[in-house]
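The next block holds one structure in the form of structure tokens; read it before the comments.
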Amino acid sequence: MITQQQIEEFQRDGVAFIPGAFKDWVEVMREGVARNLAEPGEYASENNVKQGRFFDDYCNWQRIPEFERIMRDSPAAEIAAKAMKSQTAQFFHDHVLVKDGGTPTPTPWHQDGPYYFVEGEQTISFWIPLDPVDTASLRLIAGSHKWDKPVRPVSWADNSDFYEGDDTDWIEVPDPDSTDYGKHDVREWKMEPGDAVIFDYRTVHGARGNPGGIGRRALSLRWVGDDARYVERPGRTSPPFPGHDMKQGQKLREDWFPVVPF
């Protein structure tokens with residue numbers, strides 16, 4: 001499940017590694033990802049990489065039964081609540097990320113939080129590989145969830161502001177591999193199918209490209225805790241959830257975002 005040490009690491013660093021957390025769920029996850037690849041949803045994207053394939057899609061648990069089963073029956077809700085120190089675990093969304101072998105394009109450094117319409121001290125994302133991961137692993141900046149300001153959200157296609165005309169006081173996107181080399185505590189792990197990295201929505205992260213011959217499938221599960229509230233953004237969020245009708249400061253509506261008992 002999750003140890004006290006891992007909970008303390010998550011609280012302190014905004015990231016922790018849980019080996020084997022979903023080892024009994026790997027086949028179900030693979031089945032769900034295969035269904036998602038065969039039947040992409042309305043938000044599916046191929047990301048227009050020059051080499052290989054980088055597919056991602058999100059918000060499909062209501063139409064892909066494997067994802068709903070994982071959300072409701074796997075250890076995710078209990079791990080999420082314990083790590084967040086929350087009495088509840090409310091599901092935000094699922095996210096499939098597939099980088100075929102021979103795809104050198106990295107995932108840019110970013111925080112998830114500024115793209116979302118939810119904020120709080122209790123947020124958590126799981127990144128679960130379904131293939132052995134070495135050089136294509138997730139990378140995270142420990143402690144970045146406690147930075148004074150959030151990181152500017154940008155469009156990955158052209159690095160323009162994600163919210164047009166946005167005048168929010170952001171921090172510019174860091175570059176631990178170049179201009180900021182050596183300034184940050186960057187964490188990454190070699191991972192096996194069913195291992196999990198957990199991290200706060202405010203934790204800055206990215207991923208290497210996958211130039212080798214083995215594909216990398218990963219499933220992310222995103223949750224919020226007791227203190228999470230809807231927040232207005234200066235434009236369309238990602239995911240957008242059109243027609244949600246929530247107002248500033250409200251808890252996320254439970255008919256769209258289930259509170260999962262554990």
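From the residues in the stretch 113-140 that are more than 14 Å from the chain's Cα centre (by Cα) and not in a loop (DSSP other than H, G, I, E, B), which one is farthest from Ala196 (Cα to Cα)? Checked the stretch 113-140; the qualifying residue farthest from Ala196 (Cα to Cα) is Glu119.
Could you say whether any residue in the stretch 33-49 is modelled with pLDDT under 95, closer than 20 Å to Pro132 by Cβ and either in contact with a Leu (Cβ under 9 Å, 6 or more places away or on another chain) or of a type in the set (Gly, Ala, Ser) (or both)? Within the stretch 33-49, not a single residue is modelled with pLDDT under 95, closer than 20 Å to Pro132 by Cβ and either in contact with a Leu (Cβ under 9 Å, 6 or more places away or on another chain) or of a type in the set (Gly, Ala, Ser) (or both). Applying the selection to the stretch 225-257, what residues are among the polar types (S, T, N, Q) and within 17 Å of Asp112 (Cβ to Cβ)? Answer for the stretch 225-257, where residues must be among the polar types (S, T, N, Q) and within 17 Å of Asp112 (Cβ to Cβ): Thr237, Ser238.
Of all the criteria given as (1) more than 30 Å from Gly32 (Cβ to Cβ); (2) without any contact (Cβ under 8 Å) to a residue 60 or more places away in the chain, the one not satisfied by Val173 is (2). Filtering the stretch 199-250 to residues that are of a type in the set (Asp, Glu) and surrounded by fewer than 18 Cβ atoms within 10 Å (Cβ to Cβ) leaves Asp226, Asp227, Glu232, Asp245. Six or more apart or on different chains, Cβ atoms under 6 Å: show the pairs whose first residue is in the stretch 126-148 and modelled with pLDDT of 95 or more and whose second is part of a loop (DSSP other than H, G, I, E, B) and buried (at least 23 other Cβ atoms within 10 Å of the Cβ). What qualifies is Ile128/Phe22; Leu140/Thr203; Ile141/Val204; Ser144/Thr203; Ser144/Val204; His145/Gly14; His145/Asp200; His145/Thr203. Taken over the stretch 1-49, residues that are farther than 20 Å from Ser86 by Cβ, in contact with a strand residue (DSSP E or B) (Cβ under 6 Å, 6 or more places away or on another chain), not in a loop (DSSP other than H, G, I, E, B) and not small (Gly, Ala, Ser) amount to 4.
Residues that are modelled with pLDDT under 95, assigned to a strand (DSSP E or B), in contact with a Gly (Cβ under 9 Å, 6 or more places away or on another chain) and closer than 21 Å to Leu138 by Cβ are absent from the stretch 75-95 altogether.
Only residues that are more than 16 Å from Trp156 (Cβ to Cβ) and touching a residue at least 60 places away in the same chain (Cβ under 8 Å) were counted in the stretch 28-51, giving 6.
The values are calculated or read from the model by the stated rules, or taken from the named source; none is laboratory data. Note that this is a predicted model, so its numbers are computed, not measured. Cβ sites come from the backbone with ideal geometry, for glycine too, and all protein chains shown count toward neighbours.
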